[in-house]
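Asks: My structure is below; once you've seen it, I'll send some questions.
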Amino acid sequence: MGRWFANFANRASQLAGHYVTFVGAFLILVIWAVSGPFFGFSDTWQLVINTGTTIVTFLMVFLIQNTQNRDAMAMHLKLDELIRAIENADNSLIRAEDETQEELRALKQKYESLLGEHAALKSTLKSGNVTSLPNQTGEGSSDAA
């Protein structure tokens with residue numbers, strides 16, 4: 001059932017985003033508006049469009065959410081694989097989407113401080129006042145003895 005719904009939701013999302021669907025919905029609105037005088041702009045006439053749009057909107061919320069959830073999961077898996085495959089990557093980021101808000105803030109602060117260190121190093125390099133560079137572990141210099 002889950003596989004069937006995933007396929008249905010994916011296909012429905014593709015169809016809903018197609019220009020032909022937009023044109024069809026627009027034509028339905030035009031036909032509804034043009035039919036107003038024939039029905040005397042009655043409450044029933046208004047109820048038809050209100051009911052139809054409410055039902056479509058209600059169902060589309062769930063279809064779109066399902067599609068977005070699957071897309072987000074696929075993106076996380078792809079990024080996780082890239083992080084795993086890169087030797088110097090911080091593997092603690094692989095499950096970042098499962099962290100609490102506080103843990104994510106701590107990670108953000110960590111990377112903002114790294115950004116600050118990078119900016120300082122870049123500034124030093126541009127100024128030409130470099131006597132030695134730290135090695136990859138941050139210790140010593142890159143000068144060979």
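The values are calculated or read from the model by the stated rules, or taken from the named source; none is laboratory data. Since the structure is predicted, the reported quantities are computational estimates derived from the model, not experimental observations. All Cβ positions, even for glycine, are placed from backbone atoms using ideal geometry, and neighbour counts span all protein chains on display.
Asks: Out of (1) at pLDDT 85 or above; (2) surrounded by 11 or more Cβ atoms within 10 Å (Cβ to Cβ); (3) more than 30 Å from N10 (Cα to Cα), the odd one out for T124 is which?
Replies: Condition not satisfied by T124: (1).
Asks: A further question follows. Using beta carbons and a limit of 8 Å, which pairs, at least six apart or on different chains, have the first residue in segment 82-101 and free of Cβ contacts under 8 Å to residues at least 40 places away in the same chain and the second one part of a helix (DSSP H, G or I) and polar (S, T, N, Q)?
Replies: Pairs found: I83/N91; R84/N91.
Asks: Oh, and also: Go through (1) modelled with pLDDT of 95 or more; (2) among the hydrophobic types (A, V, I, L, M, F, W, C); (3) in contact with a Phe, Trp or Tyr (Cβ under 9 Å, 6 or more places away or on another chain) one by one and return the number of the condition V34 breaks.
Replies: For V34, the exception is condition (3).
Asks: Are there any pairs, at least 6 apart or on different chains, whose C-beta atoms fall under 8 Å, with the first in segment 40-52 and closer than 17 Å to V30 by Cβ and the second among the aromatic types (F, W, Y) and surrounded by 13 or more Cβ atoms within 10 Å (Cβ to Cβ), and if so, which?
Replies: As it stands, the answer is W45/W32; W45/F39; V48/W32; I49/W32, since those pairs meet every condition given.
Asks: Is segment 42-54 home to any residue that is modelled with pLDDT of 90 or more and over 30 Å from G17 (Cα atoms)?
Replies: To start, the set of residues in segment 42-54 that are modelled with pLDDT of 90 or more comprises 42-54.
This time we only want the ones that are over 30 Å from G17 (Cα atoms), so: 42-43.
Yes: segment 42-54 contains one or more residues that are modelled with pLDDT of 90 or more and over 30 Å from G17 (Cα atoms).
Asks: Shifting gears a bit: For S113, are the conditions met, namely being assigned to a helix (DSSP H, G or I) and under 27 Å from D71 (Cβ atoms)? If you could, list the steps in order and put the result at the bottom.
Replies: Values: assigned to a helix (DSSP H, G or I): yes; under 27 Å from D71 (Cβ atoms): no.
Criteria not met by S113.
Asks: If you scan segment 53-92, which residues turn out to be of a type in the set (D, E, K, R) and under 17 Å from the mean Cα position of the chain (by Cα)? Before the answer, list the steps.
Replies: Narrowing segment 53-92 to residues of a type in the set (D, E, K, R): 70-71, 78, 80-81, 84, 87, 90.
If the condition is that a residue be of a type in the set (D, E, K, R) and under 17 Å from the mean Cα position of the chain (by Cα), then R70, D71, K78, D80 are the ones that fit.
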